[in-house]
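Have a look at the structure below, then the notes.
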């Protein structure tokens, strides 16, 4: 980690407020200063709103859990964001995403998802690589996810780009329970 470790007892009032909001929200009382949260708490003016957006994206959208996790893992794999991919790969598998498909995604290959999972992957990949959706993909995603769902999917992809860039910029380490998805990098 490029930033010095934080001591919760030494946080200022604004930093404590961000941590308290994290713990009071859907992530639960056990959330700590790991992952992007240990970065964002240092800048409460952006950390507070950013974690709130993350809570909305993760817990309050109409997207199915598997669809959301495929989009998140696609972003994490694109950026080789170790913490992100490791954390959300486990969540994706819990949501019913095939481990073999996630492994192919990690390797940089076409994962072979089916149905809405495949569509979420194609939307995420198009936004990450072409920075837009062509008319055909836009129409397909709109028909499948609906207007609000497509807005939620694009917002999820964008939010996890921010997460991945934060993790990479500050070289945020994996927890002891995580396996490094790209140990040779």
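The values are calculated or read from the model by the stated rules, or taken from the named source; none is laboratory data. Computed from a predicted structure; not experimentally measured. Note that we place each Cβ from the backbone using ideal geometry, even for glycine, and neighbour counts take in every protein chain shown.
With respect to being in contact with a helix residue (DSSP H, G or I) (Cβ under 6 Å, 6 or more places away or on another chain), modelled with pLDDT of 95 or more and in a helix (DSSP H, G or I), residue 160 fits the description. Checking 47, 28, 54 one by one, the residue that is surrounded by 15 or more Cβ atoms within 10 Å (Cβ to Cβ), outside the structural domain of residue 144 (by TED's automatic domain parsing) and more than 25 Å from residue 145 (Cα to Cα) is 47 and no other. On inspection, residue 88 passes the criterion of being within 30 Å of residue 122 (Cα to Cα) and surrounded by 20 or more Cβ atoms within 10 Å (Cβ to Cβ).
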